[in-house]
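The values are calculated or read from the model by the stated rules, or taken from the named source; none is laboratory data. Predicted model, so just to flag it, every value in this text is computed and none were measured. Here the Cβ positions follow ideal geometry from the backbone for every residue, glycine too, while neighbour counts run over all protein chains shown.
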Amino acid sequence: MLIISQFFGIIIRMFYDEHNPPHLHAEYQGRKALFDFSGNVMLGSLSSKSATILVREWIDQNIVELGVVIAGKPVKSIKPLIEEEYVGYE
């Protein structure tokens, strides 16, 4: 599974040919969760409200790039959240 982004200790991974619905895998401090592209947690938990909020914000900011993945085109990486804009979340 390819790491497509990292920020605030959060790792975002995706398979490009995985089952529907389209989703991503997020990991934070050893905890894992699957998010759909609307930011809903489908499975698991990051056990951190802040980390979950940050993943949702990242999805919102990168929905166009995630749409490229839905279209079947691989993406090697997607920009992380800029840490200076989110001081105090962790």
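So which residues in the range 43-90 are outside any loop (DSSP other than H, G, I, E, B), modelled with pLDDT of 80 or more, under 13 Å from residue 24 (Cα atoms) and not charged (D, E, K, R), if there are any at all?
43, 44, 52, 55, 58, 59, 63, 66, 67 - these are the residues of the range 43-90 that are outside any loop (DSSP other than H, G, I, E, B), modelled with pLDDT of 80 or more, under 13 Å from residue 24 (Cα atoms) and not charged (D, E, K, R).
Output the residue which, of all residues in the range 41-73 that are among the polar types (S, T, N, Q) and surrounded by fewer than 16 Cβ atoms within 10 Å (Cβ to Cβ), is farthest from the chain's Cα centre (by Cα). So that I can check it myself, show each step before the final result.
To start, the set of residues in the range 41-73 that are among the polar types (S, T, N, Q) comprises 45, 47-48, 50, 52, 61-62.
Those left that are additionally surrounded by fewer than 16 Cβ atoms within 10 Å (Cβ to Cβ): 45, 47, 50, 61.
Values: 45: 13, 47: 15, 50: 13, 61: 11 Å.
Result: 47.
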